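Comments concern the structure below.
The values are calculated or read from the model by the stated rules, or taken from the named source; none is laboratory data. Computed from a predicted model, the values in this text were never measured in an experiment. Quick reminder, even Gly has a Cβ in these numbers, built from the backbone with ideal geometry, and neighbours come from all protein chains shown. All accessible areas refer to the heavy atoms of the entire protein, side chains included, with ligands and DNA or RNA removed. Shrake-Rupley method; radii C 1.70, N 1.55, O 1.52, S 1.80 Å.
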Amino acid sequence: MDAWWQEVWQTLQSEFADIGDARQMTQITVRLLIAAILGGILGFEREQKGKAAGVRTHMLVAMGAALFVLVPQIGGSQADAMSRVIQGVIAGIGFLGAGTILKGKEEEAGQHVKGLTTAAGLWMTAAIGVAAGLGKESTAVLSTVLALAVFSVMPRIVKLLDKP
């Protein structure tokens with residue numbers, strides 16, 4: 001019976017041996033944390049404005065996108081394989097974003113569509129997660145700052161320009 005438990009233990013060890021050393025563990029942790037934090041920042045802004053996709057949604061989208069590119073990268077995938085992974089992430093986020101878009105009842109001026117900015121924000125959050133997952137943390141941070149400017153500053157500018 002001891003041989004059986006030994007085999008089970010060795011199998012478990014091999015199953016959890018995907019992180020080879022402290023450097024790799026640190027790299028994975030930093031990239032996923034950066035993705036989560038940056039996604040959370042965008043989600044917080046959206047949640048403060050009462051939008052359906054808030055902190056948790058944005059954090060999960062960013063971390064998921066980071067993880068989708070991080071795992072194949074660590075596994076040694078080539079650039080063409082990574083390109084297909086990124087294409088899949090983009091397509092998947094498209095479906096998620098489509099779920100946030102609502103078409104309202106007909107109004108005097110036509111159809112009223114809500115959620116386009118939220119969908120675009122989720123798409124941007126996924127892109128930020130991909131950047132973080134690929135180790136492009138500075139690009140991810142800069143992109144987050146620019147996205148926050150679009151969410152926060154642009155409505156004010158548009159309001160100023162719309163005044164008669």
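Computed over protein heavy atoms with a 1.4 Å probe, the carbon and sulfur contribution to the accessible area of the chain reaches 65%. With contributions of -39500 (n - 2.57) from each DSSP H run of at least four residues, the per-residue ellipticity at 222 nm computed over the chain stands at -27000 deg cm²/dmol. When restricted to Cα atoms, segment 109-164 yields an Rg and a Dmax of 14.7, 47 Å, respectively. The long axis of helix 116-133 is offset from the longest Cα principal axis of the chain by roughly 30 degrees.
Kirkwood Rh over Cα pairs of segment 1-51 into Stokes-Einstein at 4 °C, 1.567 mPa s: D in µm²/s? D = 91 µm²/s.
Placing unit charges on each Cβ (+1 for Lys and Arg, -1 for Asp and Glu) gives the chain a dipole about its Cα centre, and among P72, L142, L32 the Cα reaching farthest toward its positive end belongs to L142. Checked against a 29 Å cut-off, the cross-linked pairs K114/K163; K136/K159; K49/K163 give Cα-Cα distances beyond that limit for K136/K159. Helix 137-162 and the long axis of the chain differ in direction by around 10°, with both axes built from C-alpha atoms. With a cut-off of 11 Å between beta carbons, the residues surrounding R31 carry a summed charge of 0, where Lys and Arg count +1 and Asp and Glu -1.
Calculated translational diffusion coefficient of segment 1-139 (25 °C, 0.890 mPa s; Stokes-Einstein with Kirkwood radius over alpha-carbon pairs) equals 145 µm²/s. Charging the Cβ of each Asp and Glu at -1 and of each Lys and Arg at +1, and nothing else, the dipole of the chain about its Cα centre rounds to 860 debye. I'd like the orientation of helix 2-15 relative to the chain: the angle between its Cα long axis and the longest Cα principal axis, in ° from 0 to 90, rounded to 10. Compared with the principal axis, the helix lies near 40 degrees. In the context of the full set of protein chains, residues of the chain present 67 Å² of accessible surface per residue (probe radius 1.4 Å, heavy atoms only). Less than 15 Å Cβ to Cβ from L42, Lys/Arg counted +1 and Asp/Glu -1: what total charge do the surrounding residues give? Result for the neighbourhood of L42: +2.
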